[in-house]
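Undergrad: Take this structure first; my questions come after.
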Amino acid sequence: MSPETRRRIITSLVFLVAGGLILLAFLRPRPDTDATPDSTASTATSAQVAASDESVVPDDDTAPTAPTAPTPDPAASPRTTADAPDSESVDRPAETADAAEFVSRRPAGPASASSTLGSLDPTTDRYLLTFSPTAAGIESIVFSDFWTEAAWSREAARHAKNPEAPMPSDDERYALRAGSYGSTTIPLLAARAVEIDGVRINLFADCWREIEPGRFETEIVDAATDAPVARIERWFRLSDNGYDITLEQRIENVGDVDREIGWIQYGPGDLDRDRGSFIEVRRFHFGYLLSPQRDPAQANVTANGQLYERRDVLDRIGEWYGRPAGSVPADVRDLWPNDMSREQSLVLSWFGTTNRYFTLCVHAPYDPPANASRSVESSLVTVRPIADLSLPADRQVIQTELYGPAKTVAPGESASWNLGVYAGPLERSVLESAEPYLALNMRDLIVYLMSGCCTFCTFSWLADFLVVFLSFLHSIVGDWAIAIILLVCIVRLILHPVMKKGQIQMQRMSRLMTELKPELDALQKKYKDDPARMQSEQRRLFMERGVNPAGCVGGLLPTFLQMPIWIALYAMLFFAFELRQQPAFFGLFQLLPDIQLGATTLLGQFLGDLSRPDHFVEFTTPVDIWITKLTGVNLLPLLMGVIFFIQQKYMSPPPSPNMTPEQLQQQKMMKVMMVVLFPLMLFQAPSGLTLYILTSSSIGIIEGKRIRKHIDGMDLTKPMPVSEKAKSRKARKDQLARMYAQKLEEAKKKQAAKRKGPQKSFKKKD
C-alpha cells in the first residue's frame, strides 16, 4: 500500500474514530437521566430523599425499598416519634414510639402570617423564597431575573421597557423547588434530626413555629416528664449580595445538665436537568483547604480531585443500599470525608451540587473581620448521599444528609451550626468578584467538562481561556455570534502558515508519488518474494528523489490543531452562563414574524439561544427518536453538511494513481460517511458551536482555493530548498554524530585492550 493511500485511510479513520467517540459519549442515552423535565420549571431542586422518621421516609442505613406512608398531616399532633439509639448504629430508627426518650413539639404562640422572603422585583431582590412549615425548610426559590426559555426572557425585557407589553407568567420563571421521595415532599435544606446524648429526635415533622418570615423554632422535651430539654432555632436571612442566604442554626440547652448535641439536616441534592441539556452533567463538588501543615494560614481553597459525577454517586450508594445497619463502614457511605481527604487531612470549605447553569451550595460563613474562617467544619463534618434505588432509573433522585459535629452544651448555653448558602447561577462575574465567593474560591464550581470525559481530554483549561477571550470580543462588538465569527477568523489566521505548509507537502507528495509509480511497481514485481528488500529499495528510492513518506502527516496537522478548539468550544458554549439565552446577530431573526406550517413554527426561535440548537423549524410536540427527542429541524448542521460535501468534492486532492478500484470505492464511502456523520453528531449541539464550525469550513474553502492557486505556480517535483539555518543545524548534527562515532570507537579499543592486558600477564607468569 502506497504512502498516499495510507494517508487517505488514516485521515478518514481519524475523523471516524473521533466522531464516533464523541457521538457515543455525548448522545448515548443514560439510565439515570430524567426523561420528562418539570413543565413549569425546567430546573427544580430535586431534594427527594429519606427523612429520619421511619413512618414517613426511609433511613439511609436501613434503606427500605419504598416509602411506607404519606407526608405528615399538618393537622396531626405536634408531638413526633423519636429515633432511639441502636446497638449497631445510631442512624437506625426506633421501631416503636415507646422507645422515645425525647420528643419534639411546636412551641406555644402565634405563627407568622407571611411565609415568604424577598420578591420577584429584579431591581430589589434576586429571588422570592417561599418557606414550608414542615422541617423549617424552603418550598421554592423563584428567581426574579431568570426564565426557563429565551422567549420568556425577551418578553420580560420588552415588558420592562414598555409596561403595556405582556408579561410572561410567573410559572415560567426559573426556580429551585422542593422535591419528593415517593409521596413525601422534602423542602430544600430541611431539618432532619437532632441527637441529644446519643438519642436521635426527629425534626422532619409539623413541629415548627414560624416566628417571622424565614425564622423557625421548636423545642425538645422529655417524653416522661414533659420538661423542656432544648430549644432549636433556624433563621434564613437574605444577604446583601443577593444570591447568598445566611442560615443560622442554634440549639440552646434549657435543662439542668450538660448535653452532647449533634445536628443533622438535608443538604444540596439533585438539581433537575435543564430543558436544553441532552447530556447528563449534574455533579457534586467539594471545596477544601489543605492541611494546616501544608497551608498554615488556611487561606487557599481548591477543589481539585473532589468532583463526583451523578452516575458515580449512584454507584456508590448501590454499594451499601439495602444492607443491614452497621454492616457498612462510613468510608463506603460518605462522600466526605473520603480516602483522599483523610490521607491528606483536608479541611472542608464548601459543598454544592450543580447542573448545567445553576448550583445550590452550602459554604463556610465568611464575614471578616469577625468571622474570616474558610473552614465549615464547625458546622459540617460529614456528607452522606442517599437515594431510593428501588425506583426506576429515571425516577431515582439523590439527596444528601449533612452531619454537624457533636458539641457539649452546658445548661443555659447554646451551640451553633451556621451555614452560608449560595443559590444562584454559575456565573463568572458573580463567583469571581463578589464575597464570600472570591475568598472561598467558589469559582471552582464552574467546570467546562463534558460528562464521562477526563478534564485534559476536554481541554477545560482552553475553555477557560476561550470564554474570557470571547467575552473580550463581545465587549467590542456587542454580539456573541459576531464574537464567535471573529474568533474563527483569528484562529484561521494563526493557523494559516501551518495550513499552507501542510497543503504544499500533501500536493508535493501526491505529484512525486505519481511520478514514482512506474519505478515502485517495478520494485514490487522484482522483489515480490522479499518484502524486506523491497521496503529497503523503496526507502532508497525515496531518499534519492527527496520524498519524505511522513510528509503527508503535515497535511493533518491543521485538523489536529483545531480539534482541541472545537472540543473546548463545545464545552464552553454548553456550560458558559454568559451565553445562556443569548440571541445571535442582535436578535435579528426574532424581529421576523413567525410562520406557522401546521404543527411546526418556522423562524420562531431561530438562533434565539446560542447555547441551544438553532431551531429553524420548531415542532409543537417533540418527536421521540432512538438517541434523543427531536424538538425541531436545525438548519446550521444541514448547511455544515453541504459545506463538507463541497470540500470533499472540489477541495480534496486527487486520488493516488496507484490506488485499486476497491481502495477508490472505500475512499468514496469514507467521504460520504464524513459528510453525514458530522452534521448528525452536531445536530443537537449548541448553535454557537455549529456556527463556529460552519464559518471555519466556509473560510477554509476560500483559503484552500487560494493555496491551490499558489501551488499551481510551483514546481513541486524539485527538492524543497533548504534554508541556511537548516543547513547549519544539519551540519551540527553530522558533526555530533561523527564525534559520537569516534568516541565510541575509542571506547571499544580501550575495552579491548583492557581485556587483552591481563591475558598477557597471565601467560608470562606461567
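Undergrad: Test residue 410 against the stated conditions and say whether it is among the aliphatic types (A, V, I, L, M) and surrounded by fewer than 16 Cβ atoms within 10 Å (Cβ to Cβ).
TA: Working: among the aliphatic types (A, V, I, L, M): yes; surrounded by fewer than 16 Cβ atoms within 10 Å (Cβ to Cβ): yes.
So residue 410 passes the test.
Undergrad: For segment 683-698, enumerate the residues that are of a type in the set (Ser, Thr, Tyr) and without any contact (Cβ under 8 Å) to a residue 60 or more places away in the chain.
TA: Selection gives 697, 698.
Undergrad: Got at least one residue in segment 240-257 being of a type in the set (Val, Ile, Thr) and assigned to a loop (DSSP other than H, G, I, E, B)?
TA: Yes, the conditions are met somewhere in segment 240-257.
Undergrad: Could you look through segment 278-299, keep only residues that are part of a loop (DSSP other than H, G, I, E, B) and either in contact with a Pro (Cβ under 9 Å, 6 or more places away or on another chain) or of a type in the set (Phe, Trp, Tyr) (or both), and pick out the one that is nearest to residue 580 (Cα to Cα)?
TA: Ranking the candidates gives 278 first.
Undergrad: Could you list, in sequence order, the residues of segment 321-336 that are surrounded by fewer than 18 Cβ atoms within 10 Å (Cβ to Cβ) and within 26 Å of the chain's Cα centre (by Cα)?
TA: Once the filter is applied, which keeps residues that are surrounded by fewer than 18 Cβ atoms within 10 Å (Cβ to Cβ) and within 26 Å of the chain's Cα centre (by Cα), segment 321-336 yields 331, 332.
Undergrad: Of 169, 153, 144, which residue is closer than 20 Å to residue 578 by Cβ and out of contact with any Pro (no Cβ under 8 Å at 6 or more places or on another chain)?
TA: 153
Undergrad: Just wondering, is there one or more residues in segment 686-704 that are at pLDDT 85 or above, outside any helix (DSSP H, G or I) and more than 29 Å from residue 518 (Cβ to Cβ)?
TA: Checking segment 686-704: at least one residue is at pLDDT 85 or above, outside any helix (DSSP H, G or I) and more than 29 Å from residue 518 (Cβ to Cβ).
Undergrad: Tally up the residues in segment 555-586 that are at pLDDT 90 or above and in a helix (DSSP H, G or I), please.
TA: Going through segment 555-586 one residue at a time, the tally reaches 6.
Residue-by-condition table, conditions (1) farther than 17 Å from residue 565 by Cβ; (2) outside the structural domain of residue 564 (by TED's automatic domain parsing); (3) surrounded by fewer than 19 Cβ atoms within 10 Å (Cβ to Cβ); (4) modelled with pLDDT under 90:
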{"site": "466", "(1), (2), (3), (4)": "no, yes, no, yes"}
{"site": "475", "(1), (2), (3), (4)": "yes, no, yes, no"}
{"site": "483", "(1), (2), (3), (4)": "no, no, no, no"}
{"site": "487", "(1), (2), (3), (4)": "no, no, no, no"}
{"site": "490", "(1), (2), (3), (4)": "no, no, yes, no"}
{"site": "496", "(1), (2), (3), (4)": "no, no, yes, yes"}
{"site": "501", "(1), (2), (3), (4)": "yes, no, yes, yes"}
{"site": "504", "(1), (2), (3), (4)": "yes, no, no, yes"}
{"site": "508", "(1), (2), (3), (4)": "yes, no, no, yes"}
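Undergrad: Same structure, new question: Does segment 336-363 hold any residues that are at pLDDT 95 or above and among the aliphatic types (A, V, I, L, M), and which are they?
TA: Within segment 336-363, 346, 347, 348, 360, 362 meet the criteria.
Undergrad: Among the residues of segment 599-625, which ones are modelled with pLDDT of 80 or more and among the small types (Gly, Ala, Ser)? Outline the logic, then answer.
TA: Restricting attention to segment 599-625, the residues satisfying the condition of being modelled with pLDDT of 80 or more are 605-619.
Matches in segment 599-625: 608, 611.
Undergrad: Take residue 135 and tell me if it is outside any loop (DSSP other than H, G, I, E, B), surrounded by 18 or more Cβ atoms within 10 Å (Cβ to Cβ) and aliphatic (A, V, I, L, M). Step through it out loud before you land on a result.
TA: Values: outside any loop (DSSP other than H, G, I, E, B): yes; surrounded by 18 or more Cβ atoms within 10 Å (Cβ to Cβ): yes; aliphatic (A, V, I, L, M): yes.
So residue 135 passes the test.
Undergrad: Looking only at segment 424-444, count how many residues are outside any loop (DSSP other than H, G, I, E, B), in contact (Cβ under 8 Å) with a residue 60 or more places away in the chain and in contact with a Lys or Arg (Cβ under 9 Å, 6 or more places away or on another chain).
TA: Qualifying residue count for the region: 3.
Undergrad: Could you check segment 288-328 and list, in sequence order, the residues that are farther than 24 Å from residue 444 by Cα and basic (Lys, Arg)?
TA: 323
Undergrad: What residue, of 278, 284, is within 23 Å of the chain's Cα centre (by Cα), crowded, with 24+ Cβ neighbours inside 10 Å, over 15 Å from residue 345 (Cα atoms) and of a type in the set (Phe, Trp, Tyr)?
TA: 284
The values are calculated or read from the model by the stated rules, or taken from the named source; none is laboratory data. None of the values given here were measured: they were computed from a predicted structure. Quick reminder, even Gly has a Cβ in these numbers, built from the backbone with ideal geometry, and neighbours come from all protein chains shown.
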